[in-house]
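*Asks:* I'd like to ask some things about the structure below.
Derivation of every value follows stated rules applied to the coordinates shown; laboratory data play no part. Keep in mind that what you see is a predicted model, and the values were worked out from it rather than measured. Every residue, glycine among them, receives a Cβ derived from its backbone with ideal geometry; neighbour counts consider all protein chains shown.
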Amino acid sequence: MNALNQYTDLYEANRAAVDAGSAPVLNRLRPEALDALKRIGRLPDKSDEGFEKTSVNDMFAPDFGVNINRMSLPVDVASSFRCGVPNLSTLLGIMVNDRFMPTATLVGNLPQGVTVCSLAKAAAEQPALVERYYGTAARADNAGTALNTLLSQDGIFIHVGKGVRLDKAIQIVDIFHSAFPLMAARRVLVVAEDGAKVAVLKCDHTQTGSERCLASEVIEIFAGRGAEVEWYDIEESDGSTSRYSQLYARQEGGSSLTVCGSTLTNGVTRNEYHIDVCGEHTVTHLSGMAIGSSSQHIDNFSVLRHGACHGHSDQLFKYVLDERSTGAFEGSIEVCHGSRFVEAYQSNRNILASKDARMHSKPQLLIYNDDVKCSHGATTGQLDEKAMFYMQTRGIPREEARRMLMQAFMADVIDTIALEPLRDRLRHMVERRFAGEKAGCRDCGAGC
Amino acid sequence: MSDEILLKVTDLRAKVEEKEILKGINLTVRPGEVHAIMGPNGSGKSTLSSVLAGNPAFTVTGGSVEFHGIDLLALPPEDRSHEGLFLSFQYPVEIPGVSMVNFMRAAVNAKREYFHEPALSAGDFLKLMRQKRAIVELDNKLASRSVNEGFSGGEKKRNEIFQMAVLEPRLSILDETDSGLDIDALRVVAGGVNQLKTSRNATIVITHYQRLLDYIKPDFVHVLYKGRIVRTGGPELALELEEKGYDWIKEENL
């Protein structure tokens, strides 16, 4: 079954409504996206290279509703949400399904030179600024991205002006709340102008009792010259949730970018990281953590393209898969012709904690140049029986030893996070996740 | 010495994969005693300690082990520890990502839970760590490091005795604790063991060489050869072995 048609048909039948619920700058790219989708004809499935273990077509196939007419929500989910990351004072924005809701702390506390608001609002009020970036990092010829561009009506716009260094982290909480099967096309645009500094934490939740949900998400990040951008993403959804997230980042000279994505609980997730290093003397840290149990499926895909000299990049992706969960990692480093003195490393390490868990790993290096230092490696194994026995001889019960080892395995991924309170919090969330508790929701009023 | 029996091993047999390593071990240990088990390479010394501690890599094929009246072989390794058995590893395992502090806290509190006692408060726990560290002169800095990771050979063995001091076992098995130690470290480690010795607990020292027995004085010396204890004597047996080597035992047991 071709899952794409239902969405293109929906768009063609409701063009006016889609446009009316959005802004001209966003609407302008829709015809081109539709053309691209018609040309490509389908969403990727397991027959496509890079998608061996995850069929995007199957994720989009169910009969999801799309909230084209921007109907408002029956309850005020946003007001009941409390942040589960203590000691981290954030500027909080909430996205319920595909609708952005600023909070009072956000509106009142934004420093000069910083914009955090609804993307549609920004596109209406500052069209020239949004137009300069929107859709320029994302690949228009990519089916998933084109579909997002076709249908997304709103999202989040984060802009940090030249030389502005934002000390407080911005937090975005994505919440699914729907009484009917729902697809939300979410869009995020993060622009850090030259010399700017910004850290964004995004948390994905699904409220209990919600129907099947699918997130189509495209994130574009621009790090200007000498800018420092941190992007953290923690998914704590549930088995009814599918997520296709595509992140596109562009780095200018002297910039640094830290990206860390964690999947703690989910249904089916595909995360893509497309990072383009365009300027010299850059630093890039890309990491990911996946914790699977029951029948969770987590797929991470990365393309880190060094298009300039003197770039340094590190990729680290780790998985612990238990029960019947499955994982996939496909990552590549590409050093383009002429990009000399690049140092690029990639590591993927996985633990299969049960006989039924499965991992697919495919690291790749493409080097079109001399004078570079690159390496990649992948290992998949079991928990260390020797360590487990050693711990047991000290009286630590086997189950607890197992948990401690699984948690210890994730330590270096957590260490890639620069925000210290977030690091502490994530450590705690991971501990609880391995203890079998729903990780971060104890203090949270949203009732996810 | 007392009439009470702490450990009674009767005709213990064990194999790894399809190879029988222990072929009928008999051994009785009473509180307050120090036993040395010596023997050439491959005689089954480390297998004996692994089997007593419950290493799943070995299969017990016969015999019994009674530990202060309890059927030791019926217990998982963690419960053997709670009941008072401690194995000091020949090669202590490195556990990256698990800090010494968390490791010891988990160990101490698991034992307390087994005996239905509440977990130690943070203050009491740190006090306990401080006291026990002093016994083997273990550096405080190691507490925040991952278990055994990057420890020197001497630090690893001191760390074993430190753990023994914290867990206060009734029977400690020291498997080749002298291997990889220089003479100063050996003194510290042996000093720790001797400090922890009481009339109520016992120690089994497994070693190749007589050297360690200069520091930890055994009451009994057993020679293990081809999976059996072939000779038992007093401390003088260790000296005799040192002088004559193991060939003499091998010839006797052809």
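*Asks:* Which net charge results when you count Lys and Arg as +1 and Asp and Glu as -1 among the other residues whose beta-carbon is under 11 Å from that of A:Asp314?
*Replies:* It works out to a net charge of -2.
*Asks:* Still on this structure, please answer the following. What is the average number of partner chain Cβ atoms found within 10 Å of a Cβ in A:407-413?
*Replies:* The shielding value for this peptide is 3.
*Asks:* For A:Val96, what residues show an amide H to amide H distance below 5 Å, using hydrogens built from the backbone and excluding near sequence neighbours?
*Replies:* A:Met101, A:Ile175
*Asks:* A further question follows. Antiparallel as a % of all DSSP beta bridges within chain B, to the nearest 5?
*Replies:* 60 percent
*Asks:* What would the Debye equation give as log₁₀ I(q)/I(0) for segment A:166-233 at q = 0.21, 0.27, 0.29 Å⁻¹, counting only Cα atoms as equal point scatterers?
*Replies:* Normalising to I(0) and taking log10 leaves -0.86, -1.16, -1.26.
*Asks:* Now a separate question. Between A:Leu383 and A:Asp63, 0.36 nm times their residue separation minus their Cα-Cα distance comes to what?
*Replies:* 111.2 nm
*Asks:* Whose amide H sits under 5 Å from the amide H of A:Ala227, counting only residues 5 or more places off or on another chain, with H placed in the peptide plane?
*Replies:* It is A:Gly195, A:Ala196, A:Ser255, A:Ser256, by chain and number.
*Asks:* Let me ask another. With a point put 7 Å past each Cα toward its Cβ, work out how far A:His360 is from A:Lys121 in nm, to one decimal.
*Replies:* My value for the distance between the label points is 4.2 nm.
*Asks:* Okay, moving on. If one takes the longest principal axis of the Cα atoms in chain B, at what angle in degrees, from 0 to 90 and to the nearest 10, does the Cα axis of helix B:100-114 lie?
*Replies:* Value to nearest ten degrees: 80.
*Asks:* A:Lys362: which lysines have alpha carbons under 18 Å from its alpha carbon, excluding same-chain residues fewer than 8 sequence positions away?
*Replies:* By straight Cα distance, A:Lys362 reaches A:Lys46, A:Lys53, A:Lys318.
*Asks:* Have a look at the DSSP beta bridges in the protein assembly as shown and tell me what percent are antiparallel, nearest 5.
*Replies:* 20 percent
*Asks:* Over segment B:1-130, what is the relative contact order in whole percent, taking alpha-carbon pairs under 8 Å and six or more residues apart?
*Replies:* Over segment B:1-130, the number comes to 22 percent.
*Asks:* Along its principal axes, what span do the Cα atoms of segment B:131-244 show, with the longest given first and each in whole Å?
*Replies:* 45, 30, 25
*Asks:* With a 10 Å radius around each residue's Cβ, average the other Cβ atoms per peptide and rank A:245-253, A:335-343, A:148-156, highest first.
*Replies:* So the peptides A:245-253, A:335-343, A:148-156, ranked by packing, come out A:148-156, A:245-253, A:335-343.
*Asks:* Please identify, among A:Gly292, A:Gly381, A:Gly239, the residue showing maximal mean-square fluctuation in a Gaussian network model of chain A using a 10 angstrom Cα cutoff.
*Replies:* Greatest mean-square fluctuation among the candidates belongs to A:Gly381.
*Asks:* Would you grab the residues whose amide H sits under 5 Å from the one on A:Ile221? Only those 5+ places off in sequence or on another chain, please, with H modelled 1.01 Å from N.
*Replies:* HN-HN under 5 Å from A:Ile221: A:Val190, A:Tyr248, A:Ala249, A:Arg250.
*Asks:* Per-residue Cβ counts within 10 Å, from other chains only, averaged over B:111-118: what number is that?
*Replies:* Mean shielding by partner chains, rounded to a whole number: 1.
*Asks:* With every atom except the alpha carbons ignored, what do you get for Rg and Dmax of chain A, in angstroms?
*Replies:* Looking at chain A, its Cα Rg and Dmax stand at 21.0, 69 Å.
*Asks:* Got a sec to turn the phi values of segment A:169-177 into Karplus ³J(HN,Hα) couplings, 6.51 cos²θ - 1.76 cosθ + 1.60 with θ = phi - 60°, whole Hz, x for Gly and Pro?
*Replies:* Each residue of segment A:169-177 in turn: 7, 9, 10, 10, 10, 8, 10, 8, 8 Hz.
*Asks:* Which percent, to the nearest 5, of DSSP beta bridges fully inside segment A:4-386 are antiparallel?
*Replies:* Looking only at bridges with both residues in segment A:4-386, the antiparallel portion is about 5 percent.
*Asks:* Can you list the HN-Hα couplings for segment A:272-288, worked out from phi with the Karplus curve (6.51, -1.76, 1.60; θ = phi - 60°), rounded to whole Hz and with x for Gly and Pro?
*Replies:* With the stated coefficients, segment A:272-288 comes to 10, 10, 10, 10, 10, 8, 9, x, 7, 6, 10, 10, 9, 10, 10, 9, x Hz.
*Asks:* May I pose another question? Report the far tail of the P(r) of chain B, meaning the percent of Cα-Cα pairs longer than 28 Å.
*Replies:* 33 percent
*Asks:* Please turn the phi angles of segment B:175-182 into ³J(HN,Hα) values with the Karplus equation 6.51 cos²θ - 1.76 cosθ + 1.60 (θ = phi - 60°), one per residue in order, whole Hz, x for glycine and proline.
*Replies:* 8, 6, 4, 7, 5, x, 10, 7
*Asks:* Taking the Cα of A:Glu49, stepping 7 Å toward and past its beta carbon, and measuring to each backbone N in segment A:368-389: which are under 18 Å?
*Replies:* Taking a point 7 Å out along Cα→Cβ of A:Glu49, the residues of segment A:368-389 whose backbone N falls under 18 Å are A:368.
*Asks:* If each residue of separation counts as 0.36 nm, what is the full-extension length gain between B:Arg145 and B:Glu113 once their alpha-carbon separation is subtracted?
*Replies:* Extra length from B:Arg145 to B:Glu113 when fully extended: 9.0 nm.
*Asks:* What FRET efficiency comes out for the pair A:Asp371/A:Ala128, r = Cβ-Cβ distance, R0 = 51 Å, nearest 0.05?
*Replies:* Result of the calculation: an efficiency of 0.80.
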